[in-house]
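These notes are about the structure you will find just below.
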Amino acid sequence: MTQKLALLGFGTVGQGLAEILLEKEKQLREETGFEAVIVAISDVMKGSIYHPEGLDIAQALKAVKEDGTLDAYPDTTGLIRGKDSFQTIKETNAEAIVEVTFTDVKTGQPAIDHCKAAFEAGKHVVMSNKGPVALAFEELSQLAKKNDVRWGFEGTVMSGTPALRMPLAALAGNEITEIRGILNGTTNYILTKMEEGLSFEEALKEAQDKGYAEADPTSDVEGYDARYKVVILAQKIMNTPLKVEDVSCQGITHITKEDIEEAAKEGYRFKLLSKIKKEGSSIKATVAPEKVEATDPLASVYGALNAVTFDCDLAGPITLTGAGAGRLETGYSLLIDLLNIYRNHL
Ligand code: HSE
């Protein structure tokens with residue numbers, strides 16, 4: 001059975017998913033039976049194309065490489081141009097919406113309204129934007145359930161590293177009493193590079209050049225990005241409502257090279273730790289730099305890598321480490337959400 005997709009947004013992540021679908025088409029079909037066809041792409045800057053029988057992905061990628069727009073996409077019979085995001089949701093035959101627009105993390109828009117429109121139209125949504133999930137988890141989860149559709153957002157925490165699906169699927173039956181993690185690659189990169197002798201500013205510049213940092217790096221260095229991820233983990237994995245403002249948050253801007261050297265002498269490493277701990281029926285959630293003992297698995301997480309430890313009552317502490325950002329990694333997070341909607345798995 002073929003899954004018809006509409007992409008809202010065709011930037012780095014949307015193109016990453018398109019490339020994966022193109023390259024892995026045969027493997028996915030043979031190994032899982034999954035076949036996806038992109039019927040629509042709607043991007044505020046690049047233009048919008050729709051063909052009910054499916055677009056030519058290679059041509060769409062080629063067009064965007066040529067001049068940054070979809071203008072050069074061939075005008076084949078049946079091609080419709082110009083549908084905006086809401087028309088694409090409501091008026092196309094797409095069954096699943098891939099929401100990868102440029103969304104304001106502070107308001108969650110326009111992604112929140114895209115989700116609402118899609119769910120009400122009976123369409124699944126997959127996305128990697130954190131804001132909408134952290135800000136509107138309860139409302140959107142209920143709406144998806146009411147309309148009997150699925151909402152996937154694996155990529156919001158640690159991109160293609162399964163920080164959400166692994167505990168939900170593979171650790172089911174445990175009580176997870178604490179989650180501790182390094183959930184922001186930019187700050188981990190900066191702290192690692194400061195250990196190697198770079199200044200905070202030099203290390204931040206490198207992280208920006210490598211594409212790890214948010215458009216506004218304040219969100220990384222002040223801990224706000226990690227705080228969104230904490231809220232998502234608390235709600236999805238610990239089943240506990242939590243608001244962004246309920247998470248106490250401290251960044252790494254006050255950490256000096258001297259602090260890091262001092263900690264190293266004592267056998268510790270500074271990490272920006274995100275922590276969610278069950279306390280009776282409520283939870284305590286924090287983001288703050290901490291000195292971590294060298295023997296802790298989180299201490300050996302270098303550079304832009306992310307990691308998370310789940311403290312399980314039956315299985316004990318389980319640590320997962322991997323990429324927290326990246327074009328293919330985040331593209332993959334969307335693919336695994338789509339694949340599991342297709343397979344009707346978690
Ligand atoms: N700026 C984020 C980070 C990207 O550094 O981890 C992924 O959310």
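Laboratory data are not the source of any read-out in this text; all were calculated from the coordinates shown. Keep in mind that this is a model prediction, so the values were computed, not measured. In this analysis, Cβ positions are derived from the backbone assuming ideal geometry, glycine residues included, and neighbour counts consider all displayed protein chains.
Based on the Cα atoms of segment 99-143, what semi-axes does the equivalent ellipsoid have, where each is the square root of 5 times one gyration tensor eigenvalue, given in whole Å with the largest first?
With the √(5λ) rule applied to segment 99-143, the semi-axes are 16, 11, 8 Å.
So for the pair Glu53, Glu66, with labels modelled 7 Å out along Cα→Cβ, what separation do we get in nm?
2.1 nm
Using Cα atoms only, what is the angle between the long axis of helix 327-343 and the major principal axis of the chain, expressed in degrees (0 to 90) to the nearest 10?
The answer is roughly 70 degrees.
Which of the trypsin sites (Lys or Arg not before Pro) found in segment 147-197 are in a DSSP loop and have at most 13 neighbouring Cβ atoms, other than their own, within 10 Å?
none
Rounded to the nearest whole Å³, what is the per residue volume of the convex hull around the Cα atoms of the chain?
Details: hull volume 47.2 nm³, N = 346.
It is 136 Å³ per residue.
Using only alpha carbon positions, build the gyration tensor of segment 184-228, then give the equivalent ellipsoid semi-axes as the square roots of 5 times its eigenvalues, largest first, whole angstrom.
Listed largest to smallest, the semi-axes of segment 184-228 are 17, 11, 8 Å.
Name all residues of segment 57-94 having a backbone nitrogen under 15 Å from the label point set 7 Å from the Cα of Phe102 along its Cα→Cβ direction, giving them as ranges.
Residues passing the 15 Å test: 68-70.
To the nearest 0.05, how large is the calculated FRET efficiency for Asp75 and Lys277 if R₀ is 41 Å and r is the Cβ-Cβ distance?
Once the sixth-power term is evaluated, E becomes 0.10.
Through the Karplus equation 6.51 cos²θ - 1.76 cosθ + 1.60, θ set to phi - 60°, convert the phi angles of segment 203-208 into ³J(HN,Hα) values in whole Hz; use x for Gly and Pro.
Listing the rounded values in order: 5, 5, 4, 4, 5, 5 Hz.
Based on the Kirkwood radius over alpha-carbon pairs, what value in µm²/s does the Stokes-Einstein equation return for the translational diffusion coefficient of segment 232-346 at 37 °C and 0.692 mPa s?
197 µm²/s
Only loop residues by DSSP count here, and only those with at most 14 other Cβ atoms within 10 Å; note down the GluC sites (Glu not before Pro) in segment 1-75 that meet that. Don't skip to the end; give the middle numbers.
Numbers: sites: Glu19, Glu23, Glu25, Glu30, Glu31, Glu35, Glu53, Glu66; in loops: Glu53.
Qualifying residues, ordered by number: Glu53.
Pulled fully out, how much extra length does the chain show between Leu314 and Lys210, if you take 0.36 nm times their separation in residues and subtract their Cα-Cα distance?
33.5 nm
Could you give the angle, 0 to 90 degrees to the nearest 10, between helix 57-67's Cα long axis and the longest principal axis of the Cα atoms of the chain?
So the inclination is approximately 80 degrees.
If you take the Cα atoms of segment 170-323, find Rg, then find the Kirkwood Rh from the mean of 1/r over all pairs, what is Rg/Rh?
My calculation of the ratio gives 0.97.
Which loop-located GluC sites (Glu not before Pro) does segment 88-185 contain, where loop means any DSSP state but H, G, I, E or B and the Cβ has at most 16 other Cβ atoms within 10 Å?
Sites meeting the loop and neighbour criteria: Glu175.
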